[in-house]
Amino acid sequence: MDEKHCNGSLSALEENIGNKGKHSYYYAHSHKATGPKWDGKPQPRLLSKNNSPEDCYNSKTSFDTNNSSITVYSFSDENSKIKIYIPLAVSSADDVTLKHDCESFALTATDINFEKKRLAFNKLFGTVEENGKVKVKSDKIIVTFTKKEEKDWPRLGF
C-alpha cells in the first residue's frame with residue numbers, strides 16, 4: 001500500500017495510526033515488511049548462513065569427558081554471575097580445588113568416601129573474571145563466576 005493515495009491524502013487507517021501512534025486501534029497494521037524483495041522464483045533462497053543454537057547443541061561440546069568424573073551438575077544464569085551447583089558431599093572446603101582462567105575451569109574434589117572427583121570445561125559459553133569462588137555446603141558445592149559481559153548463557157560451555 002502506498003503512503004498516500006492518488007489524491008495525496010492519507011487513508012483513514014494511516015491517519016488513525018499517525019494521530020494515535022501505538023495506542024491506535026490499527027497499530028498492528030502499521031508494520032511495513034522490511035525483508036528482502038521476492039525474486040519471483042518459487043524455490044527458497046538462502047539469505048544468510050549463521051550458526052544456530054541447534055548447531056551449537058549438536059557440535060562437539062567443551063565438556064572435558066576424559067578428565068571429568070562428575071557428570072551431574074546444574075547451573076544458574078544470573079545477570080552478572082554464573083553459579084554451578086554440584087551435588088557432592090565433601091568433608092571440608094580444603095577438599096575442593098578450583099583452577100580457572102577467563103574461558104575454562106577445572107574443579108577437583110575429594111568426596112566423603114575419599115574418591116577424587118573432577119568437573120572440567122575447556123571452553124565456557126562466555127568469558128568470566130578470574131575471581132571464581134567456591135562455597136561448600138553439606139551436600140553440594142557451589143562455584144560462582146562473575147561474567148565479563150552481562151549476556152544470557154543458554155548453556156555452560158560450547
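Out of everything in segment 77-104 that is small (Gly, Ala, Ser) and within 22 Å of the chain's Cα centre (by Cα), what residue ends up being surrounded by the fewest Cβ atoms within 10 Å (Cβ to Cβ)? Before the answer, list the steps.
Our first condition is that a residue be small (Gly, Ala, Ser); within segment 77-104, this holds for 80, 89, 91-93, 104.
Narrowing the set further to residues that are within 22 Å of the chain's Cα centre (by Cα) leaves 80, 104.
Numbers: 80: 11, 104: 16.
The qualifying residue surrounded by the fewest Cβ atoms within 10 Å (Cβ to Cβ) is 80.
From the list 135, 151, exactly one residue is farther than 17 Å from residue 68 by Cα and outside any strand (DSSP E or B). Which is it?
Numbers: 135 fails: outside any strand (DSSP E or B).
Criteria check complete, one pass: 151.
When segment 126-142 is examined, which residues are found to be hydrophobic (A, V, I, L, M, F, W, C) and either within 14 Å of residue 79 (Cα to Cα) or touching a Gly at 6+ places or on another chain (Cβ under 6 Å) (or both)? Spell out the reasoning first.
First, the residues of segment 126-142 that are hydrophobic (A, V, I, L, M, F, W, C): 128, 134, 136, 141-142.
Passing the criteria: only 128.
Is there any pair with a first residue in segment 138-157 that is open to solvent by less than 70 Å² (accessible area, probe 1.4 Å) and a second that is hydroxyl-bearing (Ser, Thr, Tyr) whose Cβ atoms are under 7 Å apart and which are 6 or more apart or on different chains, and what are they?
142/85; 146/80; 147/80; 157/61; 157/62
Can you name the residue in segment 60-76 that is crowded, with 16+ Cβ neighbours inside 10 Å and in a strand (DSSP E or B) and is also farthest from the chain's Cα centre (by Cα) among such residues?
Looking only at segment 60-76, we keep the residues that are crowded, with 16+ Cβ neighbours inside 10 Å, and these are 61-64, 68, 70, 73, 75.
Subsequent filtering for residues that are in a strand (DSSP E or B) retains 63, 75.
Details: 63: 16, 75: 12 Å.
Across segment 60-76, the extreme among qualifying residues is 63.
For every residue, the table says whether it meets (1) open to solvent by less than 80 Å² (accessible area, probe 1.4 Å); (2) modelled with pLDDT of 75 or more; (3) over 30 Å from residue 121 (Cβ atoms).
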residue	(1), (2), (3)
23	no, yes, yes
27	no, no, yes
35	yes, no, yes
44	no, yes, yes
53	yes, no, no
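Could you say which residue among 107, 119 is open to solvent by less than 10 Å² (accessible area, probe 1.4 Å), more than 15 Å from residue 76 (Cβ to Cβ) and without any contact (Cβ under 8 Å) to a residue 40 or more places away in the chain?
107
The values are calculated or read from the model by the stated rules, or taken from the named source; none is laboratory data. Computed from a prediction, not measured in an experiment: that's the story for all the values here. Using ideal geometry, Cβ is built from the backbone for each residue, glycine included, and neighbour counts are taken over all protein chains shown. SASA here: full protein model, heavy atoms, side chains in, ligands and nucleic acids out. Shrake-Rupley method; radii C 1.70, N 1.55, O 1.52, S 1.80 Å.
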